[in-house]
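All of the numbers you see were taken from the coordinates with simple rules; none came from a lab. Please read all numbers here as calculations on a predicted model, not as lab measurements. For neighbour counting, all protein chains shown are included, and Cβ atoms are generated from backbone atoms with ideal geometry for every residue, glycine included.
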Amino acid sequence: MPLIMDLSHVSDADLALVGGKAGKLGELVRQGLPVPPGFVVTTDAYRAFVQGTSLQQEIPDHLARVDPARPESTETASKAIREAFDRAEFPPELRAEITKSYEQFVNRHHVRFSAVRSSATAEDLESASFAGLQDTYLNVAGVEAILAAIKRCWSSLFTTRVLVYRVRKGFNHLEVHLAVLVQKMVDSVVSGILFTRDPNTGENHMIVEAGWGLGEAIVGGEVTPDHYVVDGVTLKVVHKQISDQRVRIVRAEGGGNRREDVPADAQRAQKLSDHRLSRLVSLARVIESHYRRPMDIEWCADEESLYIVQARPVTTIPTSTAPGSAHPPASPSTDAADEAPLVRGFGASPGVAGGVARILRGAEEMDRIQAGEILVTTMTTPDMVPAMSRASGIVTDEGGMTCHAAIVSRELGVPCVVGTREATKKIPEGSEVTVDGKTGAVFRGLRAVKPTATPVSPAAATSHGGEGAPITATKIYVNVGVPEKAEEYARLPVSGVGLLRIEFIFTAHVREHPLALIKKGKRDELVRRLADGIGKVCRAFHPRPVIIRTSDFKTNEYRGMPGGEEFEPVEENPMIGWRGCSRYISPVYKPAFLCELEAIHKVRTEMGMKNAMVMLPFVRNTWELEEIVEMMRAAGLKRSRDFQLYLMAEVPSTVLLAREFSKHCDGFSIGSNDLTQLVLGADRDSETLGRMGYFDERDPAVTTAIRLLIEGAHDAGRTVGICGQGPSVYPEFAEFLVREGIDSISLNADTVVSTIRTIASLEQRLKLQGLRTAGRRDS
């Protein structure tokens, strides 16, 4: 095997030797596309370096001292190994080979500065799914600096994060290798990215972003780039949004990078000329045609030429329809799109709806809203669900993508815009408006709608995508908000109900604080109403399981219900206050919880619905869980072959002590919203943090917590599911869950069919990758 390969001589077939990045760029060179010249220091060179130095012994010695129970031991090993790489001298033959190749490269291509880029091998690190896992160094000059950068790229295989990840995945550190790509550095005047398909909508538009200087400023979020939208058929520019860029990253005088101010006359200028934009789009069309799939392309340009510096498949293309939703993906008419919206916020639930705006100041006014009207309020509360189900669209002043309004509207299939800040002030009462739940805009008047796909209801989903939906190893469930939707959702191709929130039955069927009803002597009526609502869902799905999550109102939500003020305290932070299981063992609320248990027992016995299961929310400690299990046993709900008890994994303590909690339950369901909130310390309802990007279930800390839970639960023989919207919104998050072995995913109805196809495709790809890896090993 060669130690060095010219970039023009490699292709996708050489991934094991040169890594994914170099393999794809070599493929593009062979297609005649403008890629900066370079050479690859192969994975065999890495092995030669390790075997020819003390690293052969030092790496395994330091790794042997790692104790997964002591995180500091991993950090110590990482630091020691990276320092060992820095100290190690290149074996003479390898040093001579790299030096010779570099000097030939410099002379042949008139190179002053180089980019030294890690290129992970497909068989070793592709399944890790961490973007930017290894190091890259820009504007490197001179053979000594090149050799040092190569060593730092190699040593980046042993950062603390990578070591921890591989231990948990069961990878052998000594079998992981890395190629390094050395390319001629482009003195970028402008750079950016291009998607050959819109990654958010899947529409046949190319999305181009461009900024002055090196692309690191865009990738690092330091600047807002220009945004261009190009029609995928005519290749004409259909939209331009020019940004105000005041800083850029450029090459420093002696090498490396520096930041400088953008001249005043260039700050608001178009970054990519129309001519260059047209040329870039033409190159992108060739790349997409070669790979026969939508591509994510990184590019840059100096004063004279455009260059492609990376190309990889787009993994976030959504399907074009939203089965289960009364409102298909759509956009307002061109007139509406050109007009400035009345207000703008977060697009929280897709679809477009028009109607009369009805401004509600609180839950006590919800009877004012009529079917088909637009509900406008400061923020919805759980007891507003009946009004929300009548509305054709919802607009709020406050909230983020995981607030109550967003979650419920997605379950109801109602277009929703949240976090507008001033909708209740700017939208006139009784006026006609159009809500675009995809873009987050609210327009004056009733606008014609341009559907981007044919509406498909859950009822039609079975014929259009249900019976023909692929079979997945990962079980797919549906979330049910209000019982009235059960018959419709039961026709979806799902294994059952993964989340039936009992508090929605409180608000839709009971509509009064449970303790207030008990005080009035209406305990039996409370049990009957709860049982009726639960029974309606269980009958619709029978014999498929229905997992009923017992009530998880916060004090501020309960206090707003009729009769609630007498029983609910005022808490400064209800999100982490008196909620979930802590209520059930409280002498104050325990009588109401016993009514919930009695209602579920009634459904299972008197109604004969043995498919009713229970899930407990916001579990903090095993001792509270033990007390609740005893209460359930006394109520006739004892764990058995046909009655399972599940726990919501929302509090980090549940994750950290998964094996202990497993002794008291049959499985877990990840509540990604609360888990993200508590792991990152980011209020899920904070509009400010939402806009700043703090709340993201894809954050490495959150995915690490999920991985720990799956490992702990599976070790104890328990299942793990998830009932947040993350897997349907972020395909890469769905891929992470499938790779980690998630047992089930429970989705909102409008995303079921499309996500089943996504999961099936992921499982098939992983199966093929496993077969290929096994084939390589056998050979």
Report the Cα-based extents of the stretch 527-629 along its three principal axes, largest first, to the nearest Å.
43, 33, 20
Could you work out how far apart the two model spin labels at Met575 and Ala96 are, taking each label as a point 7 Å from the Cα in the direction of the beta carbon, and quote it in nm?
6.3 nm
Run the dipole for the chain about the Cα centre, Lys and Arg Cβ at +1, Asp and Glu Cβ at -1, nothing else charged, and hand back the magnitude in debye, nearest 20.
1320 debye
Considering the stretch 471-520, what Rg and Dmax in Å follow from its alpha-carbon atoms?
14.9, 51
The Cα extents of the chain along the principal axes, largest first and rounded to whole Å, are 92, 62, 49
Computed [θ] at 222 nm, helices only, for the chain once each DSSP H run of length n ≥ 4 contributes -39500 (n - 2.57):
-11000 deg cm²/dmol
Extending each Cα 7 Å along its Cβ direction at Gln56 and His110, get the distance between those two points in nm, one decimal.
4.4 nm
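Between Arg421 and Val143, what is 0.36 nm times their sequence separation minus the Cα-Cα distance? Round to one decimal in nm.
94.4 nm
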Give me the net charge of Ile287's neighbourhood, meaning all other residues with Cβ under 15 Å from the Cβ of Ile287; Lys, Arg count +1, Asp, Glu -1.
+4
Simple spin-label estimate for Ala371 and Arg444 in nanometres, 7 Å along Cα-Cβ
3.1 nm
How much length would be gained if the chain were fully extended between Glu103 and Lys79, taking 0.36 nm per residue of separation minus their Cα-Cα distance, in nm to one decimal?
5.4 nm
Between Glu429 and Asp532, the FRET efficiency computed from the C-beta separation at R0 = 35 Å comes out, to the nearest 0.05, as 0.50
Roughly what % antiparallel, to the nearest 5, for the DSSP beta bridges in the chain?
65 percent
Kindly state, to the nearest 0.05, the FRET efficiency for Val237 paired with Met379, given R0 = 60 Å and r defined as their beta-carbon distance.
0.95
Cα-based reach from Lys638 at 22 Å (exclusive), listing lysines while leaving out same-chain residues under 8 positions away
Lys590, Lys602, Lys610, Lys663
FRET efficiency estimate (nearest 0.05) - Cβ-Cβ, Glu89 to Leu174, R0 22 angstrom:
0.60
How much length is gained on full extension from Gln764 to Arg258, taking 0.36 nm per residue of separation minus their Cα-Cα distance?
177.7 nm
